[in-house]
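The values are calculated or read from the model by the stated rules, or taken from the named source; none is laboratory data. Keep in mind that what you see is a predicted model, and the values were worked out from it rather than measured. Cβ coordinates were reconstructed from backbone atoms using ideal geometry, including for glycine residues, and neighbour counts include every protein chain displayed.
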Amino acid sequence: MINSVAFIGFGAIGQDVFKTLQPMFSAQQTKLLVLRRPDPLQAELPEGVIECASLEELLAFKPQLVIEAAAQAAVREYLPACLELGISVVITSIGALTDATLVDELVRIAGENGSQILLPSGAIGGLDYLQSVRHAPDLQVVYESRKPVAAWLPELAELNIEPASVSTEMLLFEGNAAEAAQRYPKNLNVAATLALAGVGMQKTKVKVMVDPTLAQNQHVIHITSQFGSMRLVLSNTPSPSNPKSSWVVAQSIASVVQREFSILKVR
């Protein structure tokens, strides 16, 4: 039974998560709150949802679960206090966890107060396999992000490259997961998720490709170890409201919430 849930942020992903969970919220008469900064251009909240603008108001609401759907800064600013009060949190801005000091702090606080840190798989799959082999001494993880030109317009502009001139695939970045998630915080949460599930930020290899032949966001994951190998290719439809993000991300976040309160859990 879900008595109360708070959202931090209510942009495109937060709204999609809410729409998916709304039937469950309605059936269980869940009290809902959204913490966001005042902005006359932002979307109106659904009827019955409480709005607040401060962490103090959110904590006074005493939610069972907090869903962070804002930005990396929100993870640092709001979540330690939530965990300290025993409130479990869902983190969507997983790129914030490239900061090892922050991860250690969040884990310590959660451990001391009986709360949980829930990380959705987001745009990818295969994390169950990766976590099963994560202790293999020869484990190698390579992640390749391939997205259409429309997903990289600001990045191409910084390089003085006209989008129309990109006629073949182009390597935009090659490095490790920590560098990738910090450089592209709105695009490469996936790299950080893989790193946390597997061999860590420094050892997880990442390639970022601009591919004009694609209409969807494509993720290619290579995992090899003494236990075998896995090659997983996912092609996700971009979010209608944000081409940088896959539409399935919101469904993944909603699934984490549904499974957290489900009696039958498939791990």
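I'm trying to understand the selection: among the residues of region 231-251, which are within 17 Å of ALA70 (Cα to Cα), in a strand (DSSP E or B) and either under 12 Å from the mean Cα position of the chain (by Cα) or free of Cβ contacts under 8 Å to residues at least 60 places away in the same chain (or both)?
SER245, SER246
Being within 12 Å of GLY9 (Cβ to Cβ) and not hydrophobic (A, V, I, L, M, F, W, C) is the filter here, so list the residues in region 52-106 that pass it.
If the condition is that a residue be within 12 Å of GLY9 (Cβ to Cβ) and not hydrophobic (A, V, I, L, M, F, W, C), then GLU68, GLN72, GLU77, TYR78, THR92, SER93 are the ones that fit.
So for region 216-224 (the condition being in contact with a Pro (Cβ under 7 Å, 6 or more places away or on another chain), outside any helix (DSSP H, G or I) and modelled with pLDDT of 85 or more), does at least one residue qualify? Give the steps one after another, and end with the answer.
At the first step, the residues of region 216-224 found to be in contact with a Pro (Cβ under 7 Å, 6 or more places away or on another chain) are 216-217.
Checking which are outside any helix (DSSP H, G or I) leaves us with 216-217.
From what is left, the residues that are modelled with pLDDT of 85 or more are 216-217.
Yes, region 216-224 contains at least one residue that is in contact with a Pro (Cβ under 7 Å, 6 or more places away or on another chain), outside any helix (DSSP H, G or I) and modelled with pLDDT of 85 or more.
How many of the residues making up region 89-148 are surrounded by fewer than 17 Cβ atoms within 10 Å (Cβ to Cβ), polar (S, T, N, Q) and closer than 24 Å to SER229 by Cα?
3
Of everything in region 201-215 that's more than 20 Å from LEU156 (Cβ to Cβ) and surrounded by fewer than 17 Cβ atoms within 10 Å (Cβ to Cβ), which residue is modelled with the highest pLDDT? Working first, answer last.
First, pick out the residues of region 201-215 that are more than 20 Å from LEU156 (Cβ to Cβ): 201-205.
Filter once more, keeping what is surrounded by fewer than 17 Cβ atoms within 10 Å (Cβ to Cβ): 202-203.
On the way: GLN202: 93, LYS203: 96.
Filtering region 201-215 for residues that are more than 20 Å from LEU156 (Cβ to Cβ) and surrounded by fewer than 17 Cβ atoms within 10 Å (Cβ to Cβ), the one modelled with the highest pLDDT comes out as LYS203.
Of all the helices (runs of 4 or more DSSP H) wholly in region 51-156, which have at least 2 residues that are polar (S, T, N, Q)? I'd like the intermediate steps shown before the answer.
Details: elements: 55-61, 72-84, 100-113, 127-132.
Filter on region 51-156 gives 100-113, 127-132.
So in region 10-33, with the set limited to residues that are in contact with a strand residue (DSSP E or B) (Cβ under 6 Å, 6 or more places away or on another chain) and assigned to a helix (DSSP H, G or I), which one is modelled with the lowest pLDDT?
ALA12
Would you confirm whether or not region 192-211 contains a residue that is outside any strand (DSSP E or B), outside the structural domain of ALA73 (by TED's automatic domain parsing) and more than 21 Å from the chain's Cα centre (by Cα)? Even if it seems obvious, please write down each step before you answer.
The first filter runs over region 192-211 and keeps only residues outside any strand (DSSP E or B), leaving 192-204, 211.
When the remaining residues are screened for being outside the structural domain of ALA73 (by TED's automatic domain parsing), the result is 192-204, 211.
Still in the list and also more than 21 Å from the chain's Cα centre (by Cα): 211.
Yes, that holds for at least one residue.
Quickly run through region 97-115 and pick out the residues that are in contact (Cβ under 8 Å) with a residue 40 or more places away in the chain and either polar (S, T, N, Q) or within 18 Å of LYS186 (Cβ to Cβ) (or both).
Across region 97-115, the qualifying residues are LEU97, THR98.
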